[in-house]
Amino acid sequence: MKDTSKGLIRSLNRRGVKADKSPPVARRTASLKEPAVCERCGAVYSGKTWRTNRRPTVDLLSRATWTVCPACTQVAEQEYFGKVRIRGAGALDNLDAIRRRIANVERRAAVTQPERRLVSEDFDGGDLEVLTTSQKLAHRIAHELVKAFGGTATYAWSSDGSLLATWRFPRK
């Protein structure tokens, strides 16, 4: 007897599912010959992932392809998929602590996924605006600011795949 429950039927229906779940920048880039080393940041591409915590051996460097990683390309082209707006009068008073927290979140994310980086930090009409290479890093930054300083975070995803996270400093 064949199992035709709804769960099995739904699991077999894969129409409309994206097979390649890599970041948009990586999808645009031609497939790389492994191993590859980024000439700007030193990240190593091996096993279909970019890593910075691997020390390249002499053998690896001798057969490596030198290229520019997708994160360095995004930063150079000022292309972002995450934006964090930091608002509130108290935010400007605590700007140094907020920037340190953002830098710590970026540094922690770069350990396992070097493709998640800050693109820029700018003042935009009295608010601090942080652009990131990924949605996840923007989400994480807003979440960590709420944990550290309080306040509220709101998230809005756009149709092009980018995230706008807004963090409001709490009123005292």
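Here, each number is a calculation from the coordinates, and none is a lab measurement. As the structure is a prediction and not an experimental result, all values here were calculated from the model. Positions of Cβ are backbone-derived with ideal geometry, glycine not excepted, and every protein chain shown enters the neighbour counts.
For this structure, a couple of remarks:
- Residue-by-residue Karplus 3J(HN,Hα) for segment 37-54, coefficients 6.51, -1.76, 1.60, Hz, glycine and proline x: 10, 6, 6, 9, 10, x, 5, 10, 9, 8, x, 6, 9, 9, 9, 10, 8, 9
- Label-to-label distance, nm, for residues given as Q78 and R107 (7 Å Cα→Cβ offset): 2.8 nm
- Integer Hz, Karplus 6.51/-1.76/1.60 couplings in order for segment 67-73, x for Gly and Pro: 8, 10, 6, x, 5, 5, 5
- A P(r) calculated from all alpha carbon pairs of segment 27-76, with 10 Å bins opening at zero, reads 28, 60, 12, 0 percent.
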